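The values are calculated or read from the model by the stated rules, or taken from the named source; none is laboratory data. Computed from a predicted model, the values in this text were never measured in an experiment. Here Cβ is always computed from backbone atoms with ideal geometry, including for glycine, and neighbour counts include all displayed protein chains. Just the protein is used for accessible areas: all its heavy atoms, side chains included, with ligands, DNA and RNA removed. Shrake-Rupley method; radii C 1.70, N 1.55, O 1.52, S 1.80 Å.
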Amino acid sequence: RPGSGSRPQEDAPGAADGLALASEPGGSLNFLAMVENLQGDSGRGYYLEMLIGTPAQALNILVDTGSSNFAVAGVPDPDVTSYFNPELSSTYRSQGIEVTVKYSQGSWTGVLGTDVITMPKGLYGSYTINIATILESENFFLPGVKWHGILGLAYDALAKPSSSVETFFDSLVRQAEIPNIFSLQMCGAGLPVSGSGTNGGSLVLGGIEPSLYTGEIWYTPIKEEWYYQVEILKLEVGGQNLELDCREYNADKAIVDSGTTLLRLPEKVFSAVVQAIARTSLIQEFSSGFWTGSQLACWDRTEKPWSLFPKISIYLRDENSSRSFRISVLPQLYIQPILGIGDNLQCYRFGISSSTNALVIGATVMEGFYVIFDRAQRRVGFAVSPCA
């Protein structure tokens, strides 16, 4: 981008097709306006402020690349500080269709309608979007979360009750005429999970902002357009190949999902990773509760335990299918500070868990990278994030 000063033009991804020029003055896309438009942490998710309805009601919306409905609290809930009241909006139109969405944790039921939204730190302009108002939920809104709804950014194949419900991002691409690509940077690595919840992040709609990454972007093909499903070729712990059949890593899918807190691994892969970490870490004895997430490990505040653990490398298929590239998950990402005890202890949790049906590259891993969801070219890109 001429004049941005952040890197030479030929390096700017998409410069050739005008993506990079869209942020020129007078253009509709100002990517810098979207920098730092998220708040949150890996434990409770990253959220974007959105104005919904007429007159506008301000709500915080969780950014979730693992689902496809846009939904907001539509009635008061003990765990929610604000909710959207459709009766107060002159532009709200109910479609009278009931919808239920289940997640790996939690579910909700609500009613589909449409209304206008604007994003104070997003695109200019207001857009008419499908919106589900949540009337009942279970384990969805949790105590202490600072968000009031969810923005599903995956494909329409996952939209409920059917794929005919146009997704939020598809509506934006159509109405704002932006390129079919968004990118996400989450900046909570190494900061306490249940802290003030003010760790920043950026959701860039319509392109790539060069100041949010260093080095180059490596792309892996999207295998199927429902979740952002990718293909994992191998895993290493401390430089040692786990030597599992690559089908194990993709059982029964491998996805990139900002709405999942941890790195989730299929059971066989999980136990191999835990054994390898226990073997290569510089700590003699671990209680099994640490690995299963039921216990924390605590160290003296002056000690940073990260040097005691190995790095984990995830190898993804490259766009040139005969190659692969790796993303390295440092201990700073997967050994996560939670809370201090007294003045001198800091406790950490294990940021990896087992899963019965997927390998999920969740917030634990994504916090190390600037992740590009290039729907136009059916690929997901990873670049090193300077905020990690």
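Give me the accessible area per residue for the stretch 55-167, probe 1.4 Å, as a whole number in Å².
Details: 4930 Å² over 113 residues.
Ligands and nucleic acids excluded, the figure is 44 Å² per residue.
Considering only DSSP beta bridges with both partners in the stretch 200-384, what is the antiparallel share in %, to the nearest 5? Present the calculation step by step, with values, prior to reporting the outcome.
Working: 38 of 45 bridges.
Taking every DSSP beta bridge within the stretch 200-384, about 85 percent pair in antiparallel fashion.
Mind putting a number on the dipole of the stretch 173-290 about its Cα centre? Charges go on the C-beta only, +1 for Lys and Arg and -1 for Asp and Glu, and I need it in Debye to the nearest 20.
160 debye
Could I have the simple spin-label model distance between R301 and L244, label points 7 Å from Cα toward Cβ, reported in nm to one decimal?
3.9 nm
Between the stretch 196-254 and the stretch 272-293, what is the separation of their alpha carbon centroids in Å?
If we compute the Cα centre of each part, the gap is 24 Å.
With an 8 Å cut-off on Cα pairs and a minimum separation of 6 or more residues, tell me the relative contact order of the stretch 200-384 in percent.
Relative contact order of the stretch 200-384: 33 percent.
What's the Kirkwood radius of the stretch 218-285 in Å, using all Cα pairs?
Across the stretch 218-285, the inverse of the average 1/r is 13.4 Å.
What's the FRET efficiency of T128 with S271 using the Cβ-Cβ distance as r and R₀ = 51 Å, to the nearest 0.05?
About 0.60, to the nearest 0.05.
Helix 267-280: angle to the longest alpha-carbon principal axis of the chain, degrees 0 to 90, nearest 10?
It is inclined by approximately 50 degrees.
Any idea how far the Cα center of the stretch 116-191 sits from the one of the stretch 317-376, in Å?
22 Å
What share of the DSSP beta bridges in the chain is antiparallel, in percent to the nearest 5?
85 percent
Please list the non-local residues whose amide H lies under 5 Å from the amide H of L233, H modeled 1.01 Å from N, same-chain partners needing a gap of 5 or more.
Here the answer is Y315, L316, R317, since their amide H atoms fall under 5 Å of that of L233.
Under 5 Å between amide hydrogens, which residues at least 5 positions from T260 or on another chain qualify, with H placed 1.01 Å from N in the peptide plane?
Under 5 Å from the amide H of T260: A363.
Explain nothing, just compute: Karplus ³J(HN,Hα) = 6.51 cos²θ - 1.76 cosθ + 1.60, θ = phi - 60°, for every residue of the stretch 313-325 in order, whole Hz, x for Gly and Pro.
10, 10, 9, 10, 5, 7, 4, 7, 5, 7, 10, 9, 9
Just need the relative contact order of the stretch 78-160 here, percent rounded to a whole number, with Cα pairs under 8 Å and 6+ apart.
31 percent
Take peptides 285-296, 353-364 and line them up by average Cβ neighbours within 10 Å, highest first, as a rough protection proxy.
353-364, 285-296
What are the ³J(HN,Hα) values, in whole Hz, obtained from phi via the Karplus relation 6.51 cos²θ - 1.76 cosθ + 1.60 with θ = phi - 60°, for each residue of the stretch 251-266 in sequence order, with x given for Gly and Pro?
Each residue of the stretch 251-266 in turn: 8, 8, 7, 10, 9, 10, 9, 5, x, 9, 5, 9, 7, 9, 10, x Hz.
Please sort 369-376, 92-99 by packing, taking for each peptide the average over its residues of neighbouring beta carbons within 10 angstrom, highest first.
Numbers: 369-376: 22.9, 92-99: 14.2.
So the order, starting with the most tightly packed, is 369-376, 92-99.
Under 25 Å Cα to Cα from K253, which lysines show up? Leave out anything in the same chain fewer than 8 places away.
Cα-Cα hits under 25 Å: K102, K160, K223, K234, K268, K311.
At what distance in nm do the modelled label points of L142 and S104 sit from each other, each positioned 7 Å from its Cα along Cα→Cβ?
1.2 nm
Using square roots of five times the C-alpha gyration tensor eigenvalues, list the equivalent-ellipsoid semi-axes of the stretch 200-384 in whole Å, biggest first.
Its equivalent ellipsoid spans semi-axes of 29, 20, 14 Å.
When only Cα pairs under 8 Å and 6 or more residues apart are kept, what is the percent relative contact order across the chain?
Contact order relative to length: 19 percent.
For the stretch 43-57, what does the Karplus curve 6.51 cos²θ - 1.76 cosθ + 1.60, with θ = phi - 60°, yield as ³J(HN,Hα) per residue in whole Hz, taken in order and with x for Gly and Pro?
Calculated HN-Hα couplings, in order: x, 10, x, 9, 9, 10, 7, 9, 9, 10, x, 9, x, 5, 10 Hz.
Read through the labelled values (i) 1.11; (ii) 1.55; (iii) 0.98 and report the label of the one computed as Cα Rg over 2.2 N^0.38 Å from the structure.
Only one listed value fits the structure, namely (iii).
For the stretch 33-116, what does the alpha-carbon gyration tensor say about shape, rounded, prolate or oblate, given a ≥ b ≥ c as the root eigenvalues, a/c under 1.5 as rounded, and a/b over b/c as prolate?
In terms of gyration-tensor shape, oblate.
With r as the distance between the Cβ atoms of R279 and A56 and R0 = 56 Å, compute the FRET efficiency 1/(1 + (r/R0)^6) and round to 0.05.
The pair A56/R279 has a calculated efficiency of 0.50.
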